[in-house]
1. Rg and Dmax of the chain over Cα atoms: what are they, in angstrom?
2. Choose one answer from 91, 55, 67: the residue with the largest mean-square fluctuation in a GNM of the chain with alpha-carbon springs under 10 Å.
3. Starting from the Cα of residue 68, step 7 Å along the direction of its Cβ; do the same at residue 91; then give the gap between the two resulting points in nm.
4. For the pair residue 105 and residue 7, what calculated FRET efficiency results from E = 1/(1 + (r/R0)^6), where r is the Cβ-Cβ distance and R0 = 45 Å, to the nearest 0.05?
5. Highest first, please rank the peptides 158-169, 71-82 by the mean number of other Cβ atoms sitting within 10 Å of their residues.
6. With the Cα gyration tensor of region 1-88 in hand, give its eigenvalues times 5 under a square root as the equivalent ellipsoid semi-axes, listed largest first in whole angstrom.
7. Enumerate the residues in region 103-123 having an amide nitrogen under 20 Å from the point lying 7 Å beyond the Cα of residue 157 toward its Cβ.
8. Please compute the length gained on full extension between residue 147 and residue 177, using 0.36 nm multiplied by the number of residues separating them and subtracting their Cα-Cα distance.
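The values are calculated or read from the model by the stated rules, or taken from the named source; none is laboratory data. All values reported here derive from a predicted model rather than from experimental measurement. Methodologically, a virtual Cβ is constructed for each residue, glycine included, from the backbone with ideal geometry; neighbour enumeration extends over all protein chains shown. Side chains are part of the model used for accessible areas, which takes the heavy atoms of the whole protein and leaves out ligands, DNA and RNA. Shrake-Rupley method; radii C 1.70, N 1.55, O 1.52, S 1.80 Å.
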Amino acid sequence: MDVIEAIKTRRSIGKVKDDPVPSDCIEKILEAGTYAPNHYRTEPWRFFVITGDSRKKLGAILEEIARIEHTDLEPDEWAKKAEKARNNPLRAPVIIAVGVEPGDKKNVIMKEEYAAVCSAIQNMLLTAHSLGLGAIWRTGAVTYHEKVKDFFGLTPKGEMAGFIYIGYSDLTTKLVKKTGFEDFTVWMN
């Protein structure tokens, strides 16, 4: 698939089948992430491949966070929130959690490390698309919770950048009309 075609046709796929994803596909996706540009070649990305029962372990952490964060709800709503959080990781057969571990060099800027990891995620999403897989990059407040960071063993300086849910699409995608670049561009001569 041509890179420009991949960029223009990739869509976030939030509904995927339970069919297993071959490990060689996952490895290609991971490798693509490592080709992202990064200042000072710090390679700040950290990838955690979550499949099988490990999704339930992540779900238990997400449930715990939901129970802590939503104590203001009525008991039945509180239980629904917790159950939904627990089941979120079961929405795809593969999740790649992506963390940012900034380099130790004195001149490293955290924003640049985060930008590098976001570039890695985009490479991974495009690669998944080129392999015929559906993927979605999920974030939200829970992503940045200290318990999630601890679950993945990130250092005190480290942060989570999100979760890439991957599987074979269970949706029909449509082309989306995008605002032309002209609306966002100033040519300076």
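1. Over the chain's Cα set, Rg and Dmax evaluate to 18.1, 62 Å.
2. 67
3. 2.2 nm
4. Calculated transfer efficiency: 0.90.
5. 158-169, 71-82
6. Working through the eigenvalues yields semi-axes of 33, 18, 15 Å.
7. Of the residues in region 103-123, 103-120 have backbone N under 20 Å from the label point off residue 157.
8. Computed gain between residue 147 and residue 177 is 6.9 nm.
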